[in-house]
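The values are calculated or read from the model by the stated rules, or taken from the named source; none is laboratory data. Predicted model, so just to flag it, every value in this text is computed and none were measured. Cβ placement follows ideal geometry from the backbone for every residue including glycine, while neighbour counts extend to all protein chains displayed. Calculation scope for accessible area: heavy atoms of the full protein, side chains included, ligands and nucleic acids excluded. Shrake-Rupley method; radii C 1.70, N 1.55, O 1.52, S 1.80 Å.
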Amino acid sequence: MICYICLAGLAIFLYVYVIHIYAKLLFLKLKHGKDCQISFLPLFGDYFYLTKSFKKYGDATEIFKQRYQNNPNIKFIASNILNKVFLFVHDPEYYKSILVNHENYTKVEILYHPKLSSTSILFGEPQKVKQQRNLLGEAFTFEKLKQRTPIINQVLLEKLEKDDKTNILDFLTKTSSDIIIKTFFCKELQDIIVQGNDITTEMIDLITELGNMQMNDFYVSIKLALMGRKAFGFLPSKKEKLLDARIDRLIDDTLMPIIKNKIANYKPNQNQDFIDLYINAYLNQKPNEPKITELELCQLFVSIVSAGTDTSSHQIAITLYYLGIERQAQEEIRQEIFNVVGDEVEIQPQHLGKLVLLNAFIQEAFRMKSTVIQPLTRIAKETHYIKNLKIEKGTYVSAFTTAPSWNDKYFDDSNKFDYKRWLNQRPIKEDNGYVFVPFSAGGRNCIGQHMAMMTMKIMIGQILRKYDVTVDTSVKVTFPLVLFIQYSPKNLVKLEKRKQ
């Protein structure tokens, strides 16, 4: 009897997770022909190859790059996650629709947590995101941001003088977080210690651990894929309980008292930081608008600081790595910085537009090795079409925005690092406006992209004025995916003090 039950269970498993889902992928292949390529593996689909790629090549994206370059005309990869279709869309004409029509999708729960990020700008529903972007949007315009350049310069120069730079990524992470907190948030949220860590380190550790658990812990990832947001709190593992306790301490014990005190003592028309902007909206809510909660104010701080810190610091580190490799380019860019900035201590807003070579180099580093290989995966709310591609309700969809950077159709000699390509009038051979979007595009693009670019230019510019950037060629460099693409070992890039 037990044998029959086991056989029945096996038959059901094979049908649901192999035969049925593979038949759907095969139908897509038959319908779309050479525009589609199947990548099927029971349960895990294409995500299995992230680990395989790193083990085989020392680069988490190399398998995907080779596959695309061997089939440069494919529009999308038809894969699976459990018993769901997962489409990795490579063609800019197709993924443009995903980015523009974001209201057709919800985001997957990677990095989602009810207390840490549920109401953040990453996971809000369209009306909530619109409200958040309206509240914060003006503060992220270049005209407003250029008033913040003294803070960026001051924080960086102080840290370059005093802090240890043996581990460049750690140095950049701490510097970026200090810049963001001192630029956008009140003194009460600066210099806070949580569980023996400064608050930024604690937040980034929590988010990294949350993401790694959701992607790499078999029990957690399967539970999340099967149950979605209902998985939180359902038969939590020991790791989940420990993480939840840390998140409670951050939100309930640390941030919430500060937010409540700020609300109680709020005075309008004072010098307003981001929390003040939100408190003003919180105290003047209208019945027809999405409700703003005290938890949302806590999550605002977490999301702005952690997202801005992680993405900026990792991409600056990658850019410094390429500067260490491209020694001639480093000297050309350093000379440009000296010519533009002269003897001034700070790199000013009026300098930024004149740093043409530095901007081109940053763009090429993004193209060659963007730390964010795609926006968060989305799930179709309803059945709809992208051109001739039918997207069924519940289908997982990824706008694989990195892919065009690997294609000679869009970039001459795409495997070659050539920052001067960006000095040409048309660096992208065929461009619909969505071929190169390092900060994503559409209504849910990166709201902080101007801040990120300004910070990158000032930080890299000041580093090059004071240091030679070198790479330790005696060690093997690898590019693992730990939420973001980064290089390893962490001490690969060195800063050597220049003689003034």
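Quick one: count up the residues across the stretch 424-472 that are basic (Lys, Arg) and open to solvent by 40 Å² or more (accessible area, probe 1.4 Å). Please lay out each step first, then the result.
To start, the set of residues in the stretch 424-472 that are basic (Lys, Arg) comprises 426, 429, 444, 457, 465-466.
With the extra rule that they be open to solvent by 40 Å² or more (accessible area, probe 1.4 Å), the set shrinks to 426, 429, 466.
So the answer is 3.
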Task: Criterion: at pLDDT 90 or above and touching a Pro at 6+ places or on another chain (Cβ under 9 Å) - qualifying residue of 252, 244 - done: 244
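How many residues does the stretch 125-147 contain that are in a helix (DSSP H, G or I) and either open to solvent by 60 Å² or more (accessible area, probe 1.4 Å) or among the hydroxyl-bearing types (Ser, Thr, Tyr) (or both)? Quick ask: steps written out before the conclusion?
Step one: filter the stretch 125-147 for residues in a helix (DSSP H, G or I), giving 126-140, 142-147.
Then keep just the ones that are either open to solvent by 60 Å² or more (accessible area, probe 1.4 Å) or among the hydroxyl-bearing types (Ser, Thr, Tyr) (or both); that gives 127, 130, 134, 138, 142-144, 146-147.
Result for the stretch 125-147: 9.
Could you check the stretch 373-426 and list, in sequence order, the residues that are hydroxyl-bearing (Ser, Thr, Tyr), within 23 Å of residue 362 (Cα to Cα) and touching an Asp or Glu at 6+ places or on another chain (Cβ under 8 Å)?
First pass over the stretch 373-426, keeping only residues hydroxyl-bearing (Ser, Thr, Tyr): 377, 383, 385, 395-396, 398, 401-402, 405, 410, 414, 419.
Still in the list and also within 23 Å of residue 362 (Cα to Cα): 401-402, 405, 410, 414, 419.
Across the stretch 373-426, the qualifying residues are 410, 414, 419.
Residues are listed down the side, and each one gets a yes or a no for (1) touching a residue at least 60 places away in the same chain (Cβ under 8 Å); (2) under 30 Å from residue 438 (Cα atoms); (3) open to solvent by 40 Å² or more (accessible area, probe 1.4 Å):
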position: 262; (1), (2), (3): yes, no, no
position: 279; (1), (2), (3): no, no, no
position: 284; (1), (2), (3): no, no, yes
position: 299; (1), (2), (3): yes, yes, no
position: 306; (1), (2), (3): yes, yes, no
position: 311; (1), (2), (3): yes, yes, yes
position: 319; (1), (2), (3): yes, yes, no
position: 326; (1), (2), (3): yes, yes, yes
Open item on the list: So residue 385 ticks every box in (1) closer than 24 Å to residue 97 by Cα; (2) in contact (Cβ under 8 Å) with a residue 60 or more places away in the chain but one. Which box is left unticked?
Closed with: (2)
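Select, from 245, 317, 225, the only residue that is within 29 Å of residue 197 (Cα to Cα), in a helix (DSSP H, G or I), in contact with a strand residue (DSSP E or B) (Cβ under 8 Å, 6 or more places away or on another chain) and small (Gly, Ala, Ser).
Working: 245 fails: in contact with a strand residue (DSSP E or B) (Cβ under 8 Å, 6 or more places away or on another chain); 225 fails: within 29 Å of residue 197 (Cα to Cα).
Matching residue, one of 245, 317, 225: 317.
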Open item on the list: Cβ contacts < 8 Å: first residue touching a residue at least 60 places away in the same chain (Cβ under 8 Å), restricted to the stretch 149-160; second residue open to solvent by 50 Å² or more (accessible area, probe 1.4 Å), any location; separation 6+ or different chain. Result?
Closed with: 153/345; 157/345; 160/466
Task: Residues located in the stretch 100-142, provided they are closer than 17 Å to residue 299 by Cβ, touching a residue at least 60 places away in the same chain (Cβ under 8 Å) and of a type in the set (Phe, Trp, Tyr) - done: 112
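Where residues in the stretch 158-168 are assigned to a helix (DSSP H, G or I) and surrounded by fewer than 15 Cβ atoms within 10 Å (Cβ to Cβ), which of them is nearest to the chain's Cα centre (by Cα)? Please lay out each step first, then the result.
Keep residues of the stretch 158-168 that are assigned to a helix (DSSP H, G or I), which gives 158-162, 168.
With the extra rule that they be surrounded by fewer than 15 Cβ atoms within 10 Å (Cβ to Cβ), the set shrinks to 158, 161-162.
Numbers: 158: 27, 161: 29, 162: 29 Å.
The selected residue is 158.
Would you tally the residues in the stretch 227-241 being farther than 20 Å from residue 120 by Cβ and surrounded by fewer than 12 Cβ atoms within 10 Å (Cβ to Cβ)? Steps first, please.
As a first pass, look at the stretch 227-241 and keep what is farther than 20 Å from residue 120 by Cβ: 227, 234-239, 241.
Among the residues that remain, those that are also surrounded by fewer than 12 Cβ atoms within 10 Å (Cβ to Cβ) are: 234-235, 238, 241.
Going through the stretch 227-241 one residue at a time, the tally reaches 4.
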- [ ] Can you confirm whether the stretch 337-346 contains a residue that is surrounded by 15 or more Cβ atoms within 10 Å (Cβ to Cβ), in a loop (DSSP other than H, G, I, E, B), within 27 Å of the chain's Cα centre (by Cα) and acidic (Asp, Glu)?
- [x] no
Task: Filter pass, residue 493 being over 25 Å from residue 206 (Cβ atoms) and either out of contact with any Gly (no Cβ under 9 Å at 6 or more places or on another chain) or open to solvent by 20 Å² or more (accessible area, probe 1.4 Å) (or both) - done: no
TODO: Evaluate the stretch 359-370: report whether one residue or more is more than 25 Å from residue 64 (Cβ to Cβ), part of a helix (DSSP H, G or I) and either open to solvent by 10 Å² or more (accessible area, probe 1.4 Å) or of a type in the set (A, V, I, L, M, F, W, C) (or both).
DONE: yes
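Filter the stretch 364-378 down to the residues that are among the hydrophobic types (A, V, I, L, M, F, W, C) and at pLDDT 95 or above, then identify the one that is farthest from residue 313 (Cα to Cα).
Step one: filter the stretch 364-378 for residues among the hydrophobic types (A, V, I, L, M, F, W, C), giving 365-366, 368, 372-373, 376.
Then keep just the ones that are at pLDDT 95 or above; that gives 365-366, 368.
Values: 365: 13, 366: 13, 368: 17 Å.
Here the answer is 368.
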- [ ] Please give the number of the condition residue 267 fails out of (1) exposed (fewer than 14 other Cβ atoms within 10 Å of the Cβ); (2) in a helix (DSSP H, G or I).
- [x] (2)
- [ ] Could you list, in sequence order, all residues of the stretch 188-224 that are surrounded by fewer than 20 Cβ atoms within 10 Å (Cβ to Cβ), charged (D, E, K, R) and more than 16 Å from residue 245 (Cα to Cα)?
- [x] 188, 191, 198, 217
Open item on the list: Taking the condition of being open to solvent by 10 Å² or more (accessible area, probe 1.4 Å), closer than 27 Å to residue 480 by Cα and part of a helix (DSSP H, G or I), how many residues in the stretch 58-108 meet it?
Closed with: 8
TODO: Please specify each residue of the stretch 169-209 satisfying the condition of being assigned to a loop (DSSP other than H, G, I, E, B) and touching a residue at least 24 places away in the same chain (Cβ under 8 Å).
DONE: 185, 186, 192, 195
